[in-house]
Amino acid sequence: PGAVDWRPGVVRVAADRSGHYVVEANVNGTPVRFLVDTGASSVVLTARDAARVGFRLNELQFNRRAETAAGPVQVAPIRLERVAIGDIELLDVAAQVNRASDGPSLLGMSFLARLTGFSVEEGHLVLRR
């Protein structure tokens, strides 16, 4: 992930070489690498990351459809007990599991919208709790 530094309630993430913001979050006690995506309405876990976090894929209901850049996909709604980046911690975060995804997990608006704010400053994504 991009270089991360934080102080109480603020996390600054440097863009990676391709200009994307990638963060490692602690999800229910498991580290998960996310691409920050303000265009994603929800946090989206890949099937692989969801299994690592402890979800049993065969028990999920893949009964919703989501539109992605690659086209429509089937997703299963889930709730994440805890998502933490640095000392920013949110509880009970709405998320989805993308059964077909071979791309990254996405840190979308169901996390970002619950922050006090987020912005891009001098090439860094700044998250504020």
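Couple of notes before you dig in:
- The GluC sites (Glu not before Pro) found in the range 1-98 include none that occupy coil by DSSP while having at most 13 further C-beta atoms within 10 Å.
- Here the range 75-116 is treated as a sphere whose radius is the Kirkwood value from Cα pairs; by Stokes-Einstein at 37 °C and 0.692 mPa s it diffuses with a coefficient of 292 µm²/s.
- This model, with +1 at the C-beta of Lys and Arg and -1 at the C-beta of Asp and Glu, gives the range 13-76 a dipole about its Cα centre of some 160 debye.
- Choice from Pro72, Pro31, Pro104 showing the highest fluctuation, given a GNM over the chain with Cα pairs closer than 10 Å: Pro72
- A simple rule links phi to the HN-Hα coupling: the Karplus curve 6.51 cos²θ - 1.76 cosθ + 1.60 with θ = phi - 60°, which for the range 111-117 gives 9, 4, 5, 8, 7, 5, x Hz, with x for Gly and Pro.
- The chain - mean residue ellipticity at 222 nm from DSSP helices (-39,500 (n - 2.57) per run, n ≥ 4, rounded to 500): -2000 deg cm²/dmol
- In units of the rule-of-thumb radius 2.2 N^0.38 Å, the chain shows an alpha carbon radius of gyration of 1.01.
- In the context of the full set of protein chains, residues of the chain present 55 Å² of accessible surface per residue (probe radius 1.4 Å, heavy atoms only).
- Inter-centroid distance (Cα atoms) of the range 25-57 relative to the range 60-126, Å: 7
- Between Val23, Val53, Val97, the residue with the greatest mean-square fluctuation in the GNM of the chain (Cα pairs under 10 Å linked by springs) is Val53.
- Positive dipole terminus of the chain, leading residue within Ile85, Asn98, Leu60 (C-beta point charges): Leu60
- The residues neighbouring Arg48, those whose beta-carbon lies less than 12 Å from its own, together hold a net charge of +1 under the Lys/Arg +1, Asp/Glu -1 convention.
- Note, ³J(HN,Hα) from phi for the range 70-79, Karplus 6.51, -1.76, 1.60, rounded to Hz, x at Gly and Pro: 8, x, x, 9, 8, 10, 10, x, 9, 10
- Fraction of accessible area attributable to carbon and sulfur, the chain (%, probe 1.4 Å): 47
The values are calculated or read from the model by the stated rules, or taken from the named source; none is laboratory data. Please read all numbers here as calculations on a predicted model, not as lab measurements. Quick reminder, even Gly has a Cβ in these numbers, built from the backbone with ideal geometry, and neighbours come from all protein chains shown. For accessibility, only protein heavy atoms count, side chains too; no ligands or nucleic acids. Shrake-Rupley method; radii C 1.70, N 1.55, O 1.52, S 1.80 Å.
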